[in-house]
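Student: Handing you this structure, nothing more for now.
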């Protein structure tokens, strides 16, 4: 995948793009945008992005404050991230796209889908946060610690590096945004088809929460990837890409 920087308002935004996203001959292929979670860059999304790139134009932006993108202070909130995604899509010439979001990215994309409904053709949530029965610092820290032992060691090294790049104060401030945001209030307003996916061993998005979110979605369903943890896009890219592909094929130009 290729590195690209774009000016979105006053921010310089980095993204990884597949070869097909840069090839004018592939403009007929659907676009898929992958949205990262808390404190990390888009590089932990690359395993799934590479699988999807066989069929789609794939885009993986680092939202401001993360990865190689500019790092404003105070950190952008979820609404500001959503508007940044819209502005960034404009720089790429994308009117619409299919989306996959992991963890905190699900909250970001819920805001985006409500405010920019015509730009979302389909949406896949992977391990959505934050469970309304664990919306506090202690619960989330405990669940994160559990997940540490359920993810591949290579992922833990990426997260450690990305958290240092993002900076602990920014990670904490962004986590506070997440804890104060009620995903269940937003999903019921999303108009496009949504697939909610969790890893079988994901302690951060428990089965009850996934089923609750799915029930609130006007066009929702859920799926489980066996033996996977929270970051299914890293540990189970083939299975996840198959689910995303199925949703895209069924959706077409629904939105």
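Just so it is clear, none of the values below were taken in a lab; they were calculated from the coordinates. Keep in mind that what you see is a predicted model, and the values were worked out from it rather than measured. Because the Cβ atoms are built from the backbone with ideal geometry, glycine has one as well, and the counts that use them run over all protein chains shown.
Student: Who wins for biggest fluctuation among 33, 244, 138 in a Gaussian network model of the chain, springs between alpha carbons below 10 Å?
Tutor: 138
Student: Let me ask something else about it. What relative contact order, as a whole-number percentage, does the stretch 2-250 give when Cα pairs under 8 Å and 6 or more residues apart are counted?
Tutor: 21 percent
Student: Which residue fluctuates most in the GNM of the chain (Cα springs below 10 Å): 221, 25, 57?
Tutor: Of 221, 25, 57, the Gaussian network model singles out 25 as fluctuating most.
Student: Now, a different point. What does the extension gain come out to for residue 5 and residue 208, with contour length at 0.36 nm per residue minus their alpha carbon separation?
Tutor: Working it through step by step, the gained length comes to 69.1 nm.
Student: OK, next. Using a simple spin-label model with points 7 Å from Cα along the Cα→Cβ vector, what separation in nm is obtained for residue 90 and residue 242?
Tutor: Inter-label distance under the simple model: 4.1 nm.
Student: What distance in nm lies between label points placed 7 Å from Cα along the C-beta direction at residue 12 and residue 144?
Tutor: With each label placed 7 Å out from Cα toward Cβ, I get 2.8 nm.
Student: Which order do peptides 157-164, 168-175 fall in by mean Cβ count within 10 Å, highest first? Walk me through the numbers before you get to the answer.
Tutor: Numbers: 157-164: 15.0, 168-175: 16.8.
Output ranking for 157-164, 168-175: 168-175, 157-164.
Student: Once you've got the GNM for the chain with C-alpha springs shorter than 10 Å, pick whichever of 20, 139, 83 has the biggest mean-square fluctuation.
Tutor: Of 20, 139, 83, the Gaussian network model singles out 139 as fluctuating most.
Student: Pop a pseudo-label 7 angstrom from the Cα along the beta-carbon direction at both residue 136 and residue 55 and give the gap in nm to one decimal.
Tutor: My value for the distance between the label points is 4.4 nm.
Student: How big is the convex hull of the Cα atoms of the stretch 1-114, per residue, in Å³?
Tutor: In the stretch 1-114, the Cα convex hull volume per residue is 88 Å³.
Student: Can you give the FRET efficiency for residue 188 and residue 22, using 1/(1 + (r/R0)^6), R0 = 45 Å, r = Cβ-Cβ distance, to the nearest 0.05?
Tutor: 0.75
Student: Per-residue ellipticity at 222 nm for the chain, helices alone: DSSP H runs ≥ 4 residues times -39500 (n - 2.57), over residue total, nearest 500 deg cm²/dmol?
Tutor: After summing the helix terms and dividing by residue count, I get -12500 deg cm²/dmol.
Student: Apply the a/c threshold of 1.5 to the C-alpha gyration tensor of the stretch 2-250 and tell me whether it is rounded, prolate or oblate.
Tutor: Rounded, because the longest to shortest axis ratio a/c is under 1.5.
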